[in-house]
Amino acid sequence: MVINRLMNKIEIENLSLQYADGAESLRGISMGIRQNAVTVLFGPAGGGKSTLLRCLNRLNDLTDIRTSSGRILIDGENILDPKTDVIALRRKVGMVFARPVPLPMSIRENITYGLELAGEKRRTKLNEAVERSLKLAAIWDEVKDRLNDPAVALSGGQQQRVCLARVLALQPEIILLDEPTSGLDPISTGKVEAALQELKKDYTVILVPHSVQQAARTADHAAFFLQGELIEYDNGKKMFTAPKEKKTEDYIMGRFG
Amino acid sequence: MEKSLNWREFVITRAIKASGYSAIVFVLLIFFFLMREGLPAIGEVEAGNLFSLRWYPIEEMFGILPLISGSIIVTIGAALIAVPFGIGTAVYISEIAPRWMREILKPLVELLGGLPSVVLGFLGILVVSPNLRILLDLPTGLTAFTGSLLLGGIAVPTVVSVAEDALDAVPRAYREGAWALGATKWQTIWRVTLPAAKSGVLTAIMLGVGRAIGETMTVMMVTGNAPVLATRLGSLFSPVRTMTATIAAEMGEVANGSVHYHTLFLIGIILFLISLTVNVLASSVVFRTKKRAERILS
């Protein structure tokens, strides 16, 4: 874990959390997450990856949580502080979900909705944002002629890229992706993964992959989670070629999970 | 063994088929009966009489306009009360209330829906109407407004129950998607959850309005039953007589096969056409806005 502290966009300090139904939890997680890199959180189901992701934009606020402690610093500010402006935080920390859920609106409105909520009304700005973010998400060519169609009419892979574009339109600083390709075909998956490599030039990307293979393909840094604990956190290449921990190696080799 | 299984399969499918068809047959039979008894009225009563403003069957005056206007004014009033209140309650139960509150409210609302309408009529006569008379300084408390209030109360549980189910069926992922974009709870409800549940919410409104149009007992008890054409806004605070109340009150005493008898059935036909229109309008709104992909998704 020799990652330069100064370069860290996010600093997680001794974060613990338990849901009211006792389903999943986090135990004493501490890690720094780098700017302009893809950080992958991987491990078997129930390990706390999604929970951690949902702490970073405080989406867990709306779930029943029994206890939580620790700090999450983004740019040096503790976002778990009750005084944090959660709405502003969620604009800064965008999220893409496992199941693509286009909002019940047209493709264009899906992109502009977040901006309109943030108070942007100028049509030229909105149109610019639509084109820019759809291009970034590698779907502009497929939808440019039918921006007013309902977004739910698109295929699953297209929907997921529209959801990514919707997040990018807000120009967040951090992008969280929770198994964004779990329901997609290999071609769409490839497009999303390629888009991520482009995105990391400007953003901090945190990805929960849907397979170990995807973790290995995309990770600059990788963190292995098992039953709420952070087992190992290292440079991606090292992690997938020569893991230090026995448990990590067993999981990567497919001996359990 | 094989053979008896096939035989059982055959009987069961046929039985299910028969009960399905019988529903259609019953509807058609009722429809033909209504037409057979009601349509002769058009020939027997002159158009001028039928569209006059006086309903006074003993004197051979069969003006149905006051009855239609009575039904419409009471129903619109009831809808204006039941729709906002019902959907508001549904949104509260499904989106805002904490879990323990929801578990109390939902069965309570459904219990309210099971109240016999005569009981509500009771409440209307004994509580609502006298208080309304004093509060608004009216000559009588038995008015269209009283009817609207109570009918609204009858329709609310229907609207709440159906709309709440529709809101509940919207995947949590929709809401999380909007929250993650920085939408507040209210913005999410207004722009995402309600539109996503649109067809269910419209069905709720339709069922609520349908319940209000067809309701008989309560309106008969509290609207005063004076067949006067509602022409002004003030008519809301004077007695009216609805189509349903007219049929219920007079059908028992009418001579079978008389002009009056046929006219009552004609009113039944009109009532039927009105609810049919409401249904067709509502479902066409639902279907027009839905594209193929959306139907598959829902």
task = Working only within the range A:99-117, note down all residues that are more than 7 Å from chain B (Cβ to nearest Cβ) and in contact with a Gly (Cβ under 7 Å, 6 or more places away or on another chain).
result = A:100
request  = Go through the residues of the range A:127-143 one by one and say whether even a single one is surrounded by fewer than 20 Cβ atoms within 10 Å (Cβ to Cβ), more than 12 Å from chain B (Cβ to nearest Cβ), not in a helix (DSSP H, G or I) and not charged (D, E, K, R).
outcome  = yes
query = Any residue in the range A:22-31 that is without any contact (Cβ under 8 Å) to a residue 12 or more places away in the chain and over 30 Å from residue B:189 (Cα atoms)?
reply = no
key: Residue that is surrounded by 14 or more Cβ atoms within 10 Å (Cβ to Cβ) and either outside the structural domain of residue B:255 (by TED's automatic domain parsing) or part of a helix (DSSP H, G or I) (or both), where the choices are B:49, B:6   = B:49
remark   = Among B:224, B:234, the single one that is in contact (Cβ under 8 Å) with a residue 12 or more places away in the chain and small (Gly, Ala, Ser) is B:224
note = When (1) under 19 Å from residue A:50 (Cα atoms); (2) more than 14 Å from chain B (Cβ to nearest Cβ); (3) touching a residue at least 60 places away in the same chain (Cβ under 8 Å) are applied to residue A:175, the one that fails is (2)
Verdict on residue B:172 being within 13 Å of chain A (Cβ to nearest Cβ) and either buried (at least 23 other Cβ atoms within 10 Å of the Cβ) or over 16 Å from the mean Cα position of the chain (by Cα) (or both) = yes
message = Regarding the range B:195-205, can at least one residue be identified that is farther than 30 Å from residue A:62 by Cα, touching a helix residue (DSSP H, G or I) at 6+ places or on another chain (Cβ under 6 Å), more than 14 Å from chain A (Cβ to nearest Cβ) and in contact (Cβ under 8 Å) with a residue 40 or more places away in the chain?
response = no
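If a residue has to be in a helix (DSSP H, G or I) and in contact with a helix residue (DSSP H, G or I) (Cβ under 7 Å, 6 or more places away or on another chain) to count, how many in the range B:97-131 make the cut?
15
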request  = Give the number of residues within the range B:60-75 that are surrounded by fewer than 21 Cβ atoms within 10 Å (Cβ to Cβ) and in a loop (DSSP other than H, G, I, E, B).
outcome  = 2
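What do you reckon, is residue B:105 closer than 30 Å to residue B:168 by Cα, surrounded by fewer than 12 Cβ atoms within 10 Å (Cβ to Cβ) and either among the aliphatic types (A, V, I, L, M) or in contact with a Ser or Thr (Cβ under 9 Å, 6 or more places away or on another chain) (or both)? Working first, answer last.
Details: closer than 30 Å to residue B:168 by Cα: yes; surrounded by fewer than 12 Cβ atoms within 10 Å (Cβ to Cβ): no; either among the aliphatic types (A, V, I, L, M) or in contact with a Ser or Thr (Cβ under 9 Å, 6 or more places away or on another chain) (or both): yes.
Against the criterion (closer than 30 Å to residue B:168 by Cα, surrounded by fewer than 12 Cβ atoms within 10 Å (Cβ to Cβ) and either among the aliphatic types (A, V, I, L, M) or in contact with a Ser or Thr (Cβ under 9 Å, 6 or more places away or on another chain) (or both)), residue B:105 does not qualify.
Can you confirm whether residue B:184 is at pLDDT below 90, among the polar types (S, T, N, Q) and buried (at least 21 other Cβ atoms within 10 Å of the Cβ)?
Details: at pLDDT below 90: yes; among the polar types (S, T, N, Q): yes; buried (at least 21 other Cβ atoms within 10 Å of the Cβ): no.
No, not satisfied.
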Qualifying position, being within 30 Å of residue B:33 (Cβ to Cβ), touching a Phe, Trp or Tyr at 6+ places or on another chain (Cβ under 8 Å) and touching a residue at least 12 places away in the same chain (Cβ under 8 Å), among B:259, B:219, B:209, B:192 = B:259
query = Would a scan of the range A:67-78 turn up a residue that is surrounded by fewer than 21 Cβ atoms within 10 Å (Cβ to Cβ), part of a helix (DSSP H, G or I) and at pLDDT 90 or above?
reply = no
ask   = What number goes with the only condition from (1) within 14 Å of chain A (Cβ to nearest Cβ); (2) touching a residue at least 40 places away in the same chain (Cβ under 8 Å); (3) aliphatic (A, V, I, L, M) that residue B:183 does not pass?
value = (2)
task = Run down B:112, B:149, B:120, B:126 and say which single residue is in the same structural domain as residue B:217 (by TED's automatic domain parsing), exposed (fewer than 14 other Cβ atoms within 10 Å of the Cβ) and among the aliphatic types (A, V, I, L, M).
result = B:126
key: Unique match (being closer than 25 Å to residue B:241 by Cα and among the β-branched types (Val, Ile, Thr)) among B:64, B:104, B:87, B:96   = B:64
message = Take the residues in the range A:62-98 that are basic (Lys, Arg) and more than 8 Å from chain B (Cβ to nearest Cβ); name whichever of them is farthest from residue A:174 (Cα to Cα).
response = A:66
query = So which residues in the range A:48-62 are surrounded by fewer than 20 Cβ atoms within 10 Å (Cβ to Cβ) and assigned to a helix (DSSP H, G or I)?
reply = A:60, A:61, A:62
message = I'd like the residue in the range B:218-258 that is touching a Pro at 6+ places or on another chain (Cβ under 8 Å) and in a helix (DSSP H, G or I) and, out of all such residues, is farthest from residue B:161 (Cα to Cα).
response = B:250
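The values are calculated or read from the model by the stated rules, or taken from the named source; none is laboratory data. Because the structure is a prediction, the values reported are computed rather than measured. As a convention, Cβ positions derive from the backbone with ideal geometry for all residues, glycine included, and neighbour counts pool all protein chains shown.
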